[in-house]
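The values are calculated or read from the model by the stated rules, or taken from the named source; none is laboratory data. Because the structure is a prediction, the values reported are computed rather than measured. With ideal geometry, Cβ positions are generated from the backbone for all residues, glycine too; neighbour counts draw on all protein chains shown.
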Amino acid sequence: MSKLTKEERDSAGPDLYDPIQDDPKFSETIRAVQERVREEVKNLNRIGSCHIIWSKTKRVLREEHGIIWFDPSDMNPRTLYD
């Protein structure tokens, strides 16, 4: 994987996100699950915690609501998150 220069990263624009988040049929449910998961792990402040939050969010959406959601690391595979 090649590294981008700072200028290339800055000009690439914002990270992609799952467009299902904009769908009125799903947006409120996704937002509610994200808030619920953040509350559940609010004391988890360490490097890499975003992956735990996204994993839990993805699981709850799939198992409890039948929603397939792609987290930021799925949507931006060349971006490293911590």
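Identify, please: which residue in segment 57-77 is closer than 12 Å to residue 30 by Cα and of a type in the set (D, E, K, R) and is, among those, farthest from the chain's Cα centre (by Cα)? Break it down into steps so the answer makes sense when it comes.
We begin by selecting, within segment 57-77, every residue closer than 12 Å to residue 30 by Cα; these are 57-62, 64-71.
Those left that are additionally of a type in the set (D, E, K, R): 58-59, 62, 64, 71.
Numbers: 58: 9, 59: 12, 62: 14, 64: 18, 71: 3 Å.
Checked segment 57-77; the qualifying residue farthest from the chain's Cα centre (by Cα) is 64.
Find the helices (runs of 4 or more DSSP H) located wholly in segment 1-68 whose residues include 2 or more that are surrounded by 10 or more Cβ atoms within 10 Å (Cβ to Cβ) and modelled with pLDDT of 85 or more, and list them.
Where helices (runs of 4 or more DSSP H) fall fully within segment 1-68 and carry at least 2 residues being surrounded by 10 or more Cβ atoms within 10 Å (Cβ to Cβ) and modelled with pLDDT of 85 or more, they are 27-40, 49-65.
Show the residue pairs that are 6+ apart or on different chains and have beta-carbon atoms under 8 Å apart, the first residue being within segment 55-82 and in contact (Cβ under 8 Å) with a residue 12 or more places away in the chain and closer than 16 Å to residue 33 by Cβ, the second being surrounded by 13 or more Cβ atoms within 10 Å (Cβ to Cβ) and small (Gly, Ala, Ser).
The qualifying pairs are 71/55.
Starting from segment 27-44, take each residue that is without any contact (Cβ under 8 Å) to a residue 24 or more places away in the chain and list its partners that are of a type in the set (S, T, N, Q) and outside any helix (DSSP H, G or I), counting only C-beta distances under 6 angstrom and pairs at least six apart or across chains.
Correct list of pairs: empty, since none qualify.
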